[in-house]
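What follows is one structure encoded as structure tokens, with my remarks underneath.
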Amino acid sequence: MAFELPALPFAYDALEPHFDAETMELHHTKHHNTYVNNANGALEKLPEELRQLSAEELVQKLDSVPEAQRTVLRNNAGGHVNHSMFWQLLTPNGSGEPSGEVKSAIEQKFGSFDTFKEEFANAAKGRFGSGWAWLVVKNGELQITSTANQDSPLMSSEFGGANATPILGLDVWEHAYYLKYRNVRPDYISAFWNVVNWEEVEKRYQAAK
Amino acid sequence: MAFELPSLPYALDALEPYISAETMHHHHEYQHRNYLLRLNTINAGSPYASESLESLIMSATGERLACAVEAWNHSFFWHCLSPWSNGYSVDALGRAINERWGSIDAFKDAFEQSALALFSSGWTWLVKMQDGSLAIINTTASDTPLKQGLIPLLALDMWEHAYYLDYQGNRYKYIQAFWPLVNWEFAAQNLTS
């Protein structure tokens, strides 16, 4: 079952002025598409039972993947999983703040929404080079973490993950912000809060807790 | 001793049309400077404050190491590029390249393949190994040939910030733009010095 590039749930220019149309289009049609194509190239070489898995399932089973395909799939199935989720977590109609159970869980864990945003931003700023910042659920608890490259929190720690379920993620590869924000990653992180789809975060929290 | 941003050995627009002035401006004035500012901030008042970049590369860890590596790499990289590139010549470096790869074209192919194989932020290098032979290697965050005891001759920055404004995701075009800018004289000096 080959992976497919999912359509974006909004137009390329829908997140302007926070995320610009050119970045969104390149990010989706070039970067994400390349991960899908590269993952599919490696997928063909896998044993039948691994080929049946979803990308999310596959990245949790990298230790079962033959070594010759493991790094390619860690990077590219990882990239496919991360980006597919990222698009769902963005919306032009963001409420700006969480609601529902995830709101109380964030307040309980971090003290306040503002403290949470600050800690999440620190994880995003502190990731040296390419990677992601995440809010995850692990053993029913919220945690902030970051991963390098295209590692997913779903992966085991052996592969840079956290054996945890991501419910919010921010891509801090330079391709995600360089055209608009240049080297000023903190401005990109601030802009992100305007386009977070908190309904989707709540849905994912409900499923993961 | 606080680190200061070294000047570029040419004007910001000197590498056009291969690398734009805007890319060079952000790369040098902000990216490179930022690594040094971060180092100055975290080193202030610490036992590391008097150490050179080379020394930090060998002894530091974490953010201090990552910033020292990137700062050193960028200082080196600016000299690998030149608007006055006088082309490749078969001097001592040329002979060593021919000996290792057979021809300059075969070397370029191998260097390009190595650069394209880098998945994320990193660098591609031509280095002199401890036994004197040449090799092409990639490094990622917090690593650099010096740390491995190797002598760097030539570097190409493959972080997205190095090419995204000019070439977006087309890394192949960026690598092709690198060749006309290579300062072979600098690389040859690194081999013999």
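Show the residue pairs that are 6+ apart or on different chains and have beta-carbon atoms under 6 Å apart, the first residue being within the stretch B:141-168 and farther than 20 Å from B:Ser82 by Cβ, the second being assigned to a helix (DSSP H, G or I) and hydrophobic (A, V, I, L, M, F, W, C).
Every condition considered, the pairs that remain are B:Ala141/B:Ala66; B:Ser142/B:Leu65; B:Ser142/B:Ala66; B:Ser142/B:Val69; B:Thr144/B:Val69; B:Leu146/B:Ile57; B:Lys147/B:Ile57; B:Gln168/A:Leu26.
Is the stretch A:169-176 home to any residue that is within 14 Å of chain B (Cβ to nearest Cβ), assigned to a strand (DSSP E or B) and closer than 28 Å to B:Asn34 by Cβ?
Looking for residues that are within 14 Å of chain B (Cβ to nearest Cβ), assigned to a strand (DSSP E or B) and closer than 28 Å to B:Asn34 by Cβ, one finds at least one in the stretch A:169-176, hence yes.
Pull up the stretch B:11-31, narrow it to residues that are part of a loop (DSSP other than H, G, I, E, B) and under 16 Å from the mean Cα position of the chain (by Cα), then point me to the one that is surrounded by the fewest Cβ atoms within 10 Å (Cβ to Cβ).
It comes out as B:Leu15.
Considering only helices (runs of 4 or more DSSP H) fully contained in the stretch A:43-122, which possess at least 1 residues that are under 23 Å from A:Phe159 (Cβ atoms) and either out of contact with any helix residue (DSSP H, G or I) (no Cβ under 9 Å at 6 or more places or on another chain) or without any contact (Cβ under 8 Å) to a residue 24 or more places away in the chain (or both)?
Correct list: A:48-51, A:55-59, A:67-88.
Could you tell me whether the stretch B:74-81 includes any residue that is under 18 Å from the mean Cα position of the chain (by Cα), within 12 Å of chain A (Cβ to nearest Cβ) and not charged (D, E, K, R)?
no
Please work out if A:Gly129 is crowded, with 16+ Cβ neighbours inside 10 Å, at positive phi and touching an Asp or Glu at 6+ places or on another chain (Cβ under 7 Å).
For A:Gly129, the condition - crowded, with 16+ Cβ neighbours inside 10 Å, at positive phi and touching an Asp or Glu at 6+ places or on another chain (Cβ under 7 Å) - is not met.
So which residues in the stretch A:191-209 are of a type in the set (Lys, Arg) and either free of Cβ contacts under 8 Å to residues at least 12 places away in the same chain or out of contact with any strand residue (DSSP E or B) (no Cβ under 9 Å at 6 or more places or on another chain) (or both)?
A:Lys203
Could you list all residues from the stretch B:32-45 that are among the hydrophobic types (A, V, I, L, M, F, W, C) and part of a loop (DSSP other than H, G, I, E, B)?
Listed by number, the list holds a single entry, B:Ala44.
In the stretch B:107-144, which residue that is β-branched (Val, Ile, Thr) and away from chain A (no Cβ under 14 Å) is surrounded by the fewest Cβ atoms within 10 Å (Cβ to Cβ)?
Going through the qualifying residues, I end up with B:Ile137.
Any residue that is buried (at least 20 other Cβ atoms within 10 Å of the Cβ) and either touching a His at 6+ places or on another chain (Cβ under 8 Å) or farther than 25 Å from A:Pro6 by Cβ (or both) - is there at least one of those in the stretch A:136-143?
Within the stretch A:136-143 (the criterion being buried (at least 20 other Cβ atoms within 10 Å of the Cβ) and either touching a His at 6+ places or on another chain (Cβ under 8 Å) or farther than 25 Å from A:Pro6 by Cβ (or both)), the answer is yes, since at least one residue qualifies.
Counting just the residues of the stretch B:46-70 that are closer than 18 Å to B:Asp143 by Cβ and among the charged types (D, E, K, R), which one comes out nearest to the other protein chains (Cβ to nearest Cβ)?
B:Glu63
Which ones in the stretch B:148-193 are among the aliphatic types (A, V, I, L, M) and farther than 30 Å from A:Lys180 by Cα?
B:Leu150, B:Ile151, B:Leu153, B:Leu154, B:Ala187, B:Ala188, B:Leu191
Since every read-out is calculated from the coordinates, none of them should be taken as a lab result. Fair warning: this is a prediction, and the values are worked out from it, not measured in the lab. Because the Cβ atoms are built from the backbone with ideal geometry, glycine has one as well, and the counts that use them run over all protein chains shown.
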